[in-house]
Amino acid sequence: KAGVTQTPRYLIKTRGQQVTLSCSPISGHRSVSWYQQTPGQGLQFLFEYFSETQRNKGNFPGRFSGRQFSNSRSEMNVSTLELGDSALYLCASSLVVIGNRNTEAFFGQGTRLTVV
Amino acid sequence: AQSVTQLDSQVPVFEEAPVELRCNYSSSVSVYLFWYVQYPNQGLQLLLKYLSGSTLVKGINGFEAEFNKSQTSFHLRKPSVHISDTAEYFCAVSDHAGGFKTIFGAGTRLFVKA
């Protein structure tokens, strides 16, 4: 069974540009979450999508957005990039079944974004 | 709101020595606890999880953790570490309020010395 796939693995962008990151979840998983990891702030939750709907959002500015497609693949977009957006962006998928809290997150290898 | 506190930011230990990485959590509802490991430039890999049942949970790579409800702790242990265990370890709790997300501790860097 294929794991969570994130593309690209590495990305270098210039301040002011925008970027789109992609995540393909494990087959059958409908919940996809995004996290930002930096040395100073650790792992911070960005948002969660389930069945193409954003259910949960962390405390990030509106420049950070996402979406989920009908096949559960998800994209994350960051507009007007700032130097502080340099981070490892991790995607996780989960087999969330309504009424069952027996859930864990499976993580991709991440996309390393560097803003210069 | 749920939260996780990892009590040590760094733990240096000699090879073949035992190690304990400490984790405390706070939650007002039933908890589901996890330990993840992260190697350099990699994603997170699940080491073990506590969902219910036995409070002693065994995971991969010889790690185990004990869920202690009265002390709200979920410490990770390994009786004998290897150089290859050098990595960042994250304690986490799942949160089903308004969707699903995982709340992580700040991480503990385990450094195994020869």
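The values are calculated or read from the model by the stated rules, or taken from the named source; none is laboratory data. Note that the coordinates shown come from a computational prediction; the quantities given were computed from them, not determined experimentally. Quick reminder, even Gly has a Cβ in these numbers, built from the backbone with ideal geometry, and neighbours come from all protein chains shown.
Here are the numbers for this structure:
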| item | result |
| --- | --- |
| Flag if A:Asn56 is free of Cβ contacts under 8 Å to residues at least 60 places away in the same chain and surrounded by 17 or more Cβ atoms within 10 Å (Cβ to Cβ) | yes |
| Some residue of the stretch A:70-79 being on the phi > 0 side of the Ramachandran plot, part of a strand (DSSP E or B), surrounded by 15 or more Cβ atoms within 10 Å (Cβ to Cβ) and of a type outside the set (Asp, Glu) | no |
| Residue pairs meeting the criteria (Cβ under 9 Å; at least 6 apart or on separate chains; first under 15 Å from B:Gly43 (Cα atoms), in the stretch A:19-39; second basic (Lys, Arg) and part of a strand (DSSP E or B)) | A:Ser33/B:Lys101; A:Tyr35/B:Lys101 |
| Qualifying positions in the stretch B:24-47 - within 14 Å of another protein chain (Cβ to nearest Cβ) and modelled with pLDDT of 90 or more | B:Leu33, B:Phe34, B:Trp35, B:Tyr36, B:Val37, B:Gln38, B:Tyr39, B:Leu44, B:Gln45, B:Leu46, B:Leu47 |
| Residue in the stretch A:77-97 that is facing chain B (nearest Cβ under 9 Å) and more than 14 Å from the chain's Cα centre (by Cα) present | yes |
| Residue check for B:Ser73: surrounded by 14 or more Cβ atoms within 10 Å (Cβ to Cβ), over 30 Å from A:Thr111 (Cα atoms) and not charged (D, E, K, R) | yes |
| Residue within the stretch B:90-112 that is under 10 Å from the mean Cα position of the chain (by Cα), more than 14 Å from chain A (Cβ to nearest Cβ) and at pLDDT 95 or above present | no |
| Residue among B:Phe67, B:Phe34 that alone is in contact with a strand residue (DSSP E or B) (Cβ under 7 Å, 6 or more places away or on another chain) and either β-branched (Val, Ile, Thr) or under 20 Å from B:Arg109 (Cα atoms) (or both) | B:Phe34 |
| Considering residues of the stretch A:33-48 that are among the hydrophobic types (A, V, I, L, M, F, W, C) and at pLDDT 95 or above only, the residue farthest from the chain's Cα centre (by Cα) | A:Leu46 |
| Residue in the stretch B:47-62 that is in contact with a Pro (Cβ under 8 Å, 6 or more places away or on another chain) and of a type in the set (Val, Ile, Thr) present | no |
